[in-house]
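Undergrad: I'd like to ask some things about the structure below.
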Amino acid sequence: MLLPFFNSILIISAGIAVLSVPISTVESTIQVWPKPRTFSWPQPQATLLSPTFTISTPNQIHIHLSSAIKRYLNLIQTEHHIPLVPPTLNFTTSTPPLQTLLVSVSDLPAPLHHNVNESYTLTIPTRGPANLTAETVWGAMRGLETFSQLVWGDPLRVAVGLYIWDAPLFAHRGVLLDTSRNYYPVEDILRTIGAISVNKMNVFHWHITDSHSFPLLVPSEPDLAAKGSYGPDMLYTPYDVNRIVQFGLEHGVRVVPEIDTPAHTGSWAEAYPDIITCANMFWWPAGSKWEDRLASEPGTGQLNPLNPKTYQVLKRVINDVATLFPEPFYHAGADEIIPGCWKADPAIQSFLSNGGTLSQLLEIFVNSTFPYIVSLNRTVVYWEDVILDANIKVPTTALPPEHTILQTWNNGHNNTKKIVSSGYRAIVSSADFYYLDCGHGGFVGNDSQYDNQTSGTSGNGGSWCAPFKTWQTIYNYDITYGLSKEEANLVLGGEVALWSEQADPAVLDARIWPRASAMAETLWSGNRDETGKKRYAEATDRLNEWRYRMVRRGIGAEPIQPLWCIRNPGMCNTVQSAA
């Protein structure tokens, strides 16, 4: 079993079992996930992997590349993956075992930033060493992952006589995890980052704080975590953050921090009650309309833009977070600002009675924080609400596109279109397709809608974003649908999101995987074959195999079909394929 091995070294290096050819009309039975962009294997065959197989980087030294090579060499030599469906190819012992994989990187110093080159070329001839070439260390890591998926069996075998050129279609491919509503130990975060890496994604969007808890120990403002976390055993120290960031670098995954403001800040009130409006109030006062709520879910509190102390505290937090996280993107939130919460504050009431507006309040806040974040050499990411909310938003003149990225989560393609047509770069996280928490019912108690004795009348079951987002739903979503070529170029990529109202470490892996794998492939190589046809049918068998291999590597991915379907390819389809 690999699980104890995996847990002991805290890595999830990757790959699915056997590979299906993306560009060739010849079907092979070796499957790689995500599917490579170009894969030529004219005569599918395999040979033994030498017991003394090595991965070598002649005259090239890079700490993270060395770490990745050591990790993958150990994985390749010990995994002994047995495919669910045995490969049907020409296995030969007439050629010598593969002895060496030579790795060559042309730009060793290239940092792990957005839009770094992740392309690679992998050649495995029938004789002689295999060659992996990449422009950057991060592209080499993607190639190592692919190579690991081309090895299987006991004794170890490796596909030979093939050529792969590969690169992602989108530069930003990530997973968002909310660690405020429920806490996740560091080990769970590291395992998630490892899984992100083996799926060839490159961003861990860490939604660290929210109204429910403030688990980040900020050196200059320690009371925020001391009083706002769930307890001393449920917070992240600077040591923890450094460990997570370094682990990300070792696996080619950027760690993007999000400190959500000015809304979603109720937890700040435990340390600074004077800078938070409507803190610890019931979220939806009895007898009031939805429009008069104080929050969109239990957990109230918003920073007060009129209190100068707000910015004293917040700027110290921003500065420390920028120090803890070297990542050039800083996510500042700005979603779901609720009018009723700000209106509950006397000073804001006076501001409004004197002709001020809630949008002006937000503009005051943005003008007081955005330039400071930019001054720290950061690009600011906001949720789309900051310019698209129906009630509280800022004019686009307040957010220069060269320093701003907007993350969309509402109204699918329509909001993506609005963002890019305004000249902003976009990250797509449509709740209708990419929210992994949806479909598990509502979490609020004392809810009368469940007291119903007839079936099929409970609507969405209390889950605002129901139904459950299946892997097929995620796989078939086209994030640039309806955009011109120029507009599509402003779409950086996408993120699936796991909000943690009803998730914690017990269900973490199964909620994310393998559904996030579906997005990983579509953002890496697309969801269509060489003729332009959606390839979800053939992806099913490959994802089954990949899910099985992920589980063997210590990732608790949920199954997508019974094992019978895997052993009987095509028999579980809705339409029988032509012979």
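The values are calculated or read from the model by the stated rules, or taken from the named source; none is laboratory data. All values reported here derive from a predicted model rather than from experimental measurement. Cβ: placed from backbone, ideal geometry, glycine included. Neighbour counts: every protein chain shown. Heads up: the accessible areas ignore ligands, DNA and RNA and are worked out on the full protein's heavy atoms, side chains in. Shrake-Rupley method; radii C 1.70, N 1.55, O 1.52, S 1.80 Å.
Undergrad: Testing the spin-label approximation: label points 7 Å from Cα along Cα→Cβ at residue 411 and residue 291. State their distance in nm.
TA: Going by the 7 Å Cα→Cβ label model, 1.8 nm.
Undergrad: Mean residue ellipticity at 222 nm from the helices of the chain, using -39,500 (n - 2.57) per DSSP H segment of n ≥ 4 over the full residue count, to the nearest 500 deg cm²/dmol?
TA: So the calculated ellipticity at 222 nm is -9000 deg cm²/dmol.
Undergrad: For the Cα atoms of the chain, what angle does the longest principal axis make with the long axis of helix 63-78, in degrees from 0 to 90, nearest 10?
TA: Computed tilt is about 50 degrees.
Undergrad: Relative contact order of the chain, please, whole-number percent, based on alpha carbon pairs below 8 angstrom and at least 6 residues apart.
TA: Details: 1235 pairs, mean separation 88.1, N = 579.
15 percent.
Undergrad: At a Förster radius of 51 Å, what calculated FRET efficiency corresponds to the Cβ-Cβ distance of residue 502 and residue 93, to the nearest 0.05?
TA: Working: r = 53 Å, r/R0 = 1.04.
Plugging the Cβ-Cβ distance into 1/(1 + (r/R0)^6) gives 0.45.
Undergrad: How large is the convex hull of the C-alpha atoms of the chain per residue, in Å³?
TA: Expressed per residue, the convex hull around the Cα atoms of the chain is 159 Å³.
Undergrad: So how much slack lies between residue 372 and residue 106, counting 0.36 nm per residue of separation and subtracting their Cα-Cα distance, in nm?
TA: Details: separation 266, 0.36 × 266 = 95.76 nm, distance 3.62 nm.
Stretched fully, the residue 372-residue 106 segment lengthens by 92.1 nm.
Undergrad: Quick one: helix 186-198 against the long Cα principal axis of the chain, what's the angle to the nearest 10°, folded into 0 to 90?
TA: 50
Undergrad: Rounded to the nearest 0.05, what FRET efficiency do residue 323 and residue 529 give with R0 = 45 Å and r taken as the Cβ-Cβ distance? Could you check?
TA: E(calc), rounded to 0.05, equals 0.45.
Undergrad: For residue 289, which lysines qualify as cross-link partners when the Cα separation must be under 16 Å and same-chain residues fewer than eight apart are set aside?
TA: Candidates past the 8-residue exclusion: 343.
Undergrad: Nearest 5 is fine: what % of DSSP beta bridges in the chain come out antiparallel, could you say?
TA: Of those bridges, close to 35 percent are antiparallel.
Undergrad: Heavy atoms only, probe 1.4 Å: what % of the accessible area of the chain goes to carbon and sulfur, would you let me know?
TA: Heavy-atom surface of the chain belonging to carbon and sulfur, 1.4 Å probe: 53 percent.
Undergrad: Is the stretch 306-416 rounded, prolate or oblate when judged by the Cα gyration tensor, a ≥ b ≥ c being the square roots of its eigenvalues, rounded requiring a/c under 1.5 and prolate requiring a/b larger than b/c?
TA: Numbers: a/c = 2.08, a/b = 1.21, b/c = 1.72.
Oblate is the answer for the stretch 306-416, as a/c is 1.5 or above yet b/c matches or exceeds a/b.
Undergrad: Please determine, in degrees from 0 to 90 and to the nearest 10, the orientation of helix 308-324 with respect to the longest principal axis defined by the Cα atoms of the chain, where the helix direction is its Cα long axis.
TA: 10
Undergrad: State the Cα centre-to-centre distance between the stretch 299-369 and the stretch 66-121 in whole Å.
TA: Measuring centre to centre over Cα atoms gives 48 Å.
Undergrad: Over the Cα atoms of the stretch 428-579, how large are the radius of gyration and the largest Cα-Cα distance (Dmax), in Å?
TA: 17.7, 55
Undergrad: Distances over 18 Å make up what percent of all Cα-Cα pairs in the stretch 105-168? Can you show the working numbers first?
TA: Working: 770 of 2016 pairs.
Roughly 38 percent, once rounded to a whole number.
Undergrad: First measure r as the distance between the Cβ atoms of residue 43 and residue 486, then evaluate 1/(1 + (r/R0)^6) with R0 = 35 Å and state the FRET efficiency to the nearest 0.05. Could the numbers behind the result be given before it?
TA: Values: r = 43 Å, r/R0 = 1.22.
That pair, residue 43 with residue 486, gives E of 0.25.
Undergrad: Same structure again: Starting from the Cα of residue 316, move 7 Å in the Cα-to-Cβ direction to define the label point; list residues of the stretch 240-254 whose amide nitrogen is under 11 Å from there.
TA: none
Undergrad: Could I ask something else about it? Report the charge-dipole magnitude of the chain in Debye, nearest 20, computed about the Cα centre from +1 at each Lys and Arg Cβ and -1 at each Asp and Glu Cβ. Could you put the intermediate results ahead of the total?
TA: Details: 39 positive and 52 negative charges, 314 e Å.
Charge dipole, the chain, about its Cα centre: 1500 debye, nearest 20.
Undergrad: Now for a separate question. Please give the length that would be gained between residue 451 and residue 510 if that part of the chain were fully extended, namely 0.36 nm times their separation in residues minus their C-alpha to C-alpha distance (nm, one decimal).
TA: 18.3 nm
Undergrad: Taking a virtual spin label 7 Å from the Cα of residue 563 along the C-beta vector, which residues in the stretch 81-99 bring their backbone nitrogen under 19 Å of it?
TA: Under cut-off, by backbone N: 81-87.
Undergrad: What list of ³J(HN,Hα) values in whole Hz, one per residue of the stretch 404-421 in order, does the Karplus curve 6.51 cos²θ - 1.76 cosθ + 1.60 (θ = phi - 60°) give from phi, with Gly and Pro shown as x?
TA: Computed from phi, the couplings for the stretch 404-421 are 10, 10, 10, 9, 9, 9, 10, 6, x, 4, 4, 6, 4, 4, 4, 5, 6, 5 Hz.
Undergrad: What percent of all Cα-Cα pairs in the stretch 465-546 falls into each 10 Å bin, going from 0 up to the bin containing the maximum distance?
TA: Going from the shortest bin to the longest, the percentages are 15, 44, 31, 10, 1.
Undergrad: So what's the projected area for the stretch 38-166, the Cα convex hull averaged over all directions, in nm²? Present the calculation step by step, with values, prior to reporting the outcome.
TA: Details: hull surface 32.0 nm².
Average of the hull's projected areas for the stretch 38-166 equals 8.0 nm².
Undergrad: May I ask for the distance between the Cα centers of the stretch 173-224 and the stretch 493-531, given as a whole number of Å?
TA: 16
Undergrad: For residue 165 and residue 353 in one chain, what is 0.36 nm times their gap in residues minus the Cα-Cα distance, to one decimal in nm?
TA: Stretched fully, the residue 165-residue 353 segment lengthens by 61.4 nm.
Undergrad: Another one. Restricting to Cα pairs below 8 Å that are 6+ residues apart, what does the relative contact order work out to for the stretch 313-438? Please round to a whole percent.
TA: Relative contact order comes out at 22 percent.
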